[in-house]
Amino acid sequence: MKSIKSRVLLASAASLLVLSACNSEQNAQSAAPAAAPAVKGVAVATVNGTAINKSRVDMIIAHGASAGEVDTPEARKSIIDKLTMQTLIAEAAVKKKPG
């Protein structure tokens, strides 16, 4: 059951990233200033210049803890791996966007 919830959460997050990457260029420009403060956090990984912040990983860990999942280094690595994959998918979607 826990695996299904994790997969649903991952699929939802990936879908959100892909859909947000498909916005028009104007929407992307207006969203850029909002994303800038996130860069100030402590980066646990960087994907093609895009930081994955510790605060984002902590938020996902907290969500998992509320569902009974344990905070372990392996769980954190798995989350970072999934966020890395989501970032790569979003970047690929932006590159394939017809323009």
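Residues checked against (1) at pLDDT 95 or above; (2) surrounded by 10 or more Cβ atoms within 10 Å (Cβ to Cβ); (3) over 25 Å from Lys96 (Cβ atoms):
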residue	(1), (2), (3)
Ile52	yes, yes, no
Val57	yes, yes, yes
Ala67	no, yes, yes
Pro73	yes, no, yes
Ile79	yes, yes, yes
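Considering only the range 80-95, state which residues are more than 9 Å from the chain's Cα centre (by Cα) and among the β-branched types (Val, Ile, Thr).
Across the range 80-95, the qualifying residues are Ile89, Val94.
Does Asn27 meet the test of being modelled with pLDDT under 55 and assigned to a helix (DSSP H, G or I)?
yes
The values are calculated or read from the model by the stated rules, or taken from the named source; none is laboratory data. Values in this document were obtained by computation on a predicted structure and should not be read as measured data. Here the Cβ is made from the backbone with ideal geometry for all residues, glycine too, and neighbour counts use every protein chain on show.
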